[in-house]
Amino acid sequence: MTQSQLRGLCLIMTILKILEFPDPRLRTKAAPVEQVDDALRTLIDDLFETMYDAPGIGLAATQVDVHKRLLVADVSIDKTEPLALINPQILTKDGVTVSDEGCLSVPGYYEEVERANHIVVRYLDRDGETVEMEAEGLLAICIQHEIDHLDGKLFVDYLSEAKRQRIRKKLDKERRQQAVAI
Ligand code: ZN
């Protein structure tokens, strides 16, 4: 391989493996990011690549087994509004909205979840600058869902125990069938 081919490879971002419910690693509480450096920015790029590839509108580091308080989101239709939130903290929440939520870690299932419709969130951006942002509707829902991941929480936790077990059993069955097929 030539030097230029090697350099080309370095520009290729990595698609990371997404953990799936009921993987116990999804229950890990993520630790605050202490330093916003190039290694973290590479991880952010990989999270975006993984999220867009899935495809999804949000992804928390927890879902790729990295237990740092970091999430990415892009709720725009044309995927032109990438947001990376480091150490996100919700300052205020108001209003109520109910929507069908899904999750890349619970593939194929969509259930109604109640969330605040409007939030103010404070976070560090990829340059380490503090940002305060207002979000409502889908973006507010997405940020709340992803912050839950950083706390080891999944949207299925808002459902009844019986419903959660049904989803768990169906996913286990699907995985077993896939294993046999391979
Ligand atoms: Zn999720």
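Asp157 - would you say it is at negative phi, within 15 Å of the ligand (Cβ to nearest atom), free of Cβ contacts under 8 Å to residues at least 40 places away in the same chain and in a strand (DSSP E or B)? Before the answer, list the steps.
Numbers: at negative phi: yes; within 15 Å of the ligand (Cβ to nearest atom): yes; free of Cβ contacts under 8 Å to residues at least 40 places away in the same chain: yes; in a strand (DSSP E or B): no.
No: the conditions fail for Asp157.
With polar (S, T, N, Q), free of Cβ contacts under 8 Å to residues at least 40 places away in the same chain and in contact with a Lys or Arg (Cβ under 6 Å, 6 or more places away or on another chain) as the only criterion, which of Gln177, Gln89 stands out?
Working: Gln177 fails: in contact with a Lys or Arg (Cβ under 6 Å, 6 or more places away or on another chain).
Checking each option against the conditions leaves just Gln89.
Would you call Arg122 in contact (Cβ under 8 Å) with a residue 24 or more places away in the chain, farther than 19 Å from Ile18 by Cα, touching a Leu at 6+ places or on another chain (Cβ under 7 Å) and not polar (S, T, N, Q)?
Values: in contact (Cβ under 8 Å) with a residue 24 or more places away in the chain: yes; farther than 19 Å from Ile18 by Cα: yes; touching a Leu at 6+ places or on another chain (Cβ under 7 Å): yes; not polar (S, T, N, Q): yes.
Yes; evaluated as a whole, the condition is true for this residue.
So how many residues does the stretch 95-109 have that are closer than 17 Å to Val75 by Cα and within 12 Å of the ligand (Cβ to nearest atom)?
Residues in the stretch 95-109 being closer than 17 Å to Val75 by Cα and within 12 Å of the ligand (Cβ to nearest atom): 4 in total.
Among the aliphatic types (A, V, I, L, M), modelled with pLDDT of 95 or more and not in a helix (DSSP H, G or I), is that true of Leu26? Lay out the reasoning, then the answer.
Values: among the aliphatic types (A, V, I, L, M): yes; modelled with pLDDT of 95 or more: yes; not in a helix (DSSP H, G or I): no.
So Leu26 does not fit the description; no.
So that you can scan it fast, the table gives a plain yes or no per residue for (1) part of a loop (DSSP other than H, G, I, E, B); (2) out of contact with any helix residue (DSSP H, G or I) (no Cβ under 8 Å at 6 or more places or on another chain); (3) modelled with pLDDT under 95:
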{"site": "Ser4", "(1), (2), (3)": "no, yes, yes"}
{"site": "Val33", "(1), (2), (3)": "yes, no, no"}
{"site": "Leu40", "(1), (2), (3)": "no, yes, no"}
{"site": "Pro55", "(1), (2), (3)": "yes, yes, no"}
{"site": "Leu71", "(1), (2), (3)": "no, no, no"}
{"site": "Leu91", "(1), (2), (3)": "no, yes, no"}
{"site": "Ser105", "(1), (2), (3)": "yes, no, no"}
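When the stretch 97-107 is examined, which residues are found to be without any contact (Cβ under 8 Å) to a residue 60 or more places away in the chain and either within 20 Å of Arg27 (Cα to Cα) or crowded, with 18+ Cβ neighbours inside 10 Å (or both)?
Step one: filter the stretch 97-107 for residues without any contact (Cβ under 8 Å) to a residue 60 or more places away in the chain, giving 97-102.
Across the stretch 97-107, the qualifying residues are Glu101, Gly102.
The values are calculated or read from the model by the stated rules, or taken from the named source; none is laboratory data. Because the structure is predicted, anything quoted here is derived from the model rather than measured. Reconstructed Cβ throughout: ideal geometry from the backbone, glycine too, with neighbour counts over all protein chains shown.
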